[in-house]
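Below is one structure, written out as C-alpha cells, with a few remarks after it.
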Amino acid sequence: MKILMVGAGATGGFFGGRLLEAGADVTFLVRGERAAQLAEQGLRIVTPKGETRLAPKLVTAERLTDAYDLIILAVKAYGLSAAMESFAPAVGPDTVILPLLNGLAHIEALQRRFGEAKVFGGVCTIVAFLAPDGAVVQATDLASLTHGELDGRVTPRAEAVQAALSGAGFSASLSASIRQDLWDKWVLLGSLAATTCLMRAPIGEIEAAPGGEAFLLGTLSEAVAVAAAAGHPCSDAWLGRTRAILTTKGSPITASMYRDMQGGGSVEVEAILGDLVRRAEAAGVTTPRLAAARTALEVYSARQRPSAEAAA
C-alpha cells in the first residue's frame, strides 16, 4: 500500500517513521524548514528504548502529483485547511484519508472537501514531542492507532488499512465503533485541556488543591453530557478509567494544549473546546467550566496573534 504521511512532527514523525522502519512504502509530505531538516539529518526517533535514524522519502506540495492508497493526516487543527490544499493532488478515486486529529470538526471538513466515502475515523494515543534539534521524542512506551469506517462497517478496504498498519512498532486496531472512539477521546482530551489550561497546573496539583477533585470531575461530567446529547454516551467502564486518570494523586499528566500554551505556541482551542461548547449550546447542555476554559484560551490566542503576524 502506497502511504502518504502528511506532517512529520511528533505524531506524524513517529507513526510514519515506525511504518517506514517496518518496510512500508511511506512518503512524507513536508514543507519549509522541516523538509530541509529531514533531508539533511534524516528522521530521528528517540524512545525509552533507544534511538532510530531513518532516511525518509520526502515530497513537497509543489511536486506532489501521484495518487496514494492511504493518506494519513497528522497536523494540528489550525493547519487543516492548508494541509487539505497541499495533499489534494494525491487523492485518487480509491484513496482512503485517515486523519489523526482531535474532535470531530476535521471529519466534517474533510468530507465536504473530498467526499464522505474517502474519510475514515482515526484515534491515536502517544506521548511525544518534537525536540529543538528536530528529533521525535517518545516520552513513554504507549503508542496506539485505532481506525475504521465512520459508519461502523468492517469493509475489505478497512481490513487492508489494518494490514498496512500492523506490525510496525505500535498497536494498530480496526474499530467497528470509531465514532464512539472519537467522542471518548474528545471527552477525555477536552476535560484534560480545560482543567490543566485553566488552572495552569498538572492533574496532581489540581487534585491536591481545595475543591480540585470536584472541579476535575465536574468538568468531565460536562463533557460526558455533551457526548450523551450527541448520541454517543460514554460507557461506565470507560468513565471509571477516566475518572481515575483525572484524580490520580501526584499525577504529572497535562494536556498537549497546556504544554503548547506553556511554550508560547498556538493552541487547538477551536477544535477541542470551541466546537465542544457550541455543540453543548445547541443541545441545551450547560458547560460553565468548559466555557470558561474556552474563553481563557481564546484570550490567550488573541494575544499570540499580533506576534505571529509580525513574524510572518
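For Ala283 and Thr140 in one chain, what is 0.36 nm times their gap in residues minus the Cα-Cα distance, to one decimal in nm?
My answer for the length gained is 47.7 nm.
Rounded, prolate or oblate: which fits segment 181-311, taking a ≥ b ≥ c as square roots of the Cα gyration tensor eigenvalues, rounded meaning a/c under 1.5, else prolate when a/b beats b/c?
The shape class here is oblate.
Rounded to the nearest 5, what % of the DSSP beta bridges within segment 2-176 are antiparallel ones? Mind showing how you got there, number by number?
Working: 15 of 39 bridges.
Around 40 percent of the beta bridges assigned by DSSP in segment 2-176 are antiparallel ones.
Count neighbours as other Cβ atoms within 10 Å of each site's Cβ, and list the GluC sites (Glu not before Pro) in segment 213-312 that are DSSP loop with at most 14 such neighbours.
On the way: sites: Glu213, Glu222, Glu268, Glu270, Glu281, Glu298, Glu309; in loops: Glu268.
Passing both the DSSP loop test and the Cβ count: no residue.
Using the Cα atoms as the points, what is the convex hull volume per residue of segment 217-265 in Å³?
On the way: hull volume 4.7 nm³, N = 49.
Cα-based convex hull of segment 217-265, divided per residue, equals 96 Å³.
Compute the FRET efficiency between Glu108 and Arg53 as 1/(1 + (r/R0)^6), taking r as their Cβ-Cβ distance and R0 = 25 Å, and round to the nearest 0.05.
That gives a FRET efficiency of 0.05.
Classify segment 114-194 as rounded, prolate or oblate from the Cα gyration tensor: take a ≥ b ≥ c as the square roots of its eigenvalues, call it rounded if a/c is under 1.5, otherwise prolate when a/b beats b/c and oblate if not.
Since a/c reaches 1.5 but b/c is at least a/b, the shape of segment 114-194 is classed as oblate.
What angle, in degrees between 0 and 90 and rounded to the nearest 10, separates the Cα long axis of helix 156-165 from the longest principal axis of the Cα atoms of the chain?
It works out to around 90 degrees.
Assuming 0.36 nm per residue, please report the length gained on full extension of the stretch Ile253 to Ala35 beyond their Cα-Cα distance. Spell out each step's value before the answer.
Working: separation 218, 0.36 × 218 = 78.48 nm, distance 3.14 nm.
Roughly 75.3 nm would be gained on extension.
Summarise the long-distance tail of P(r) for segment 2-176 by giving the % of C-alpha pairs beyond 27 Å. Don't skip to the end; give the middle numbers.
Numbers: 2852 of 15225 pairs.
Across segment 2-176, Cα pairs with separations above 27 Å total 19 percent.
What is the distance, in nm, between label points placed 7 Å from the Cα along the Cα-to-Cβ direction at Thr155 and at Ala117?
Here the modelled spin labels are 0.7 nm apart.
What is the chain's relative contact order, in percent, from Cα pairs under 8 angstrom and six or more apart in sequence?
Dividing the mean separation by the residue count of the chain yields 15 percent.
Run the numbers on segment 2-176 and let me know its relative contact order in percent, using alpha-carbon pairs under 8 Å that are six or more apart.
Normalised by residue count, the contact order of segment 2-176 is 23 percent.
Taking the number of other C-beta atoms within 10 Å as the exposure measure, put Glu33, Glu116, Glu205 in order starting with the fewest.
Taking fewest neighbouring Cβ atoms as first place, the list is Glu33, Glu116, Glu205.
Once the convex hull of the C-alpha atoms of the chain is built, how many Å³ does it hold per residue, rounded to a whole number?
In the chain, the Cα hull volume divided by residue count equals 136 Å³.
Which value results for Rg/Rh of segment 70-152 when Rg is the Cα radius of gyration and Rh the Kirkwood radius based on the inverse mean 1/r?
Values: Rg = 13.8 Å, Rh = 13.9 Å.
That ratio is 1.00, to two decimals.
What shape does segment 177-228 take by its C-alpha gyration tensor, where a ≥ b ≥ c are the square roots of the eigenvalues and a/c under 1.5 counts as rounded, a/b above b/c as prolate, and the rest as oblate? Present the calculation step by step, with values, prior to reporting the outcome.
Working: a/c = 3.12, a/b = 2.11, b/c = 1.47.
Here segment 177-228 falls in the prolate category.
In degrees between 0 and 90, to the nearest 10, how far off the longest principal axis of the chain does helix 288-311 point, with axes built from Cα atoms?
With both axes taken from Cα atoms, the answer is about 50 degrees.
When Lys and Arg each count +1 and Asp and Glu each count -1, what net charge do the other residues less than 11 Å away from Ile178, Cβ to Cβ, add up to? Before the final figure, lay out each step's value.
Numbers: positive: Arg153, Arg179, Lys185; negative: Glu149, Asp151, Asp181, Asp184.
So the environment of Ile178 carries a net charge of -1.
Please order Val267, Val123, Val46 by the number of other Cβ within 10 Å, starting at the fewest.
Numbers: Val267 25, Val123 22, Val46 17.
Lowest count first: Val46, Val123, Val267.
Would you compute, from DSSP H runs of 4+ residues alone, the mean residue ellipticity of the chain at 222 nm, taking -39500 (n - 2.57) per run and dividing by the full residue count, rounded to the nearest 500?
-14500 deg cm²/dmol
Determine, for segment 2-176, the count of lysine pairs separated by eight or more sequence positions (or lying on different chains) whose alpha-carbon distance falls under 24 Å.
The number of close lysine pairs in segment 2-176 is 5.
Throughout, read-outs are computed from the coordinates displayed, never taken from laboratory work. As the structure is a prediction and not an experimental result, all values here were calculated from the model. Counting neighbours? That spans all protein chains shown, and the Cβs are built from the backbone with ideal geometry, glycine included.
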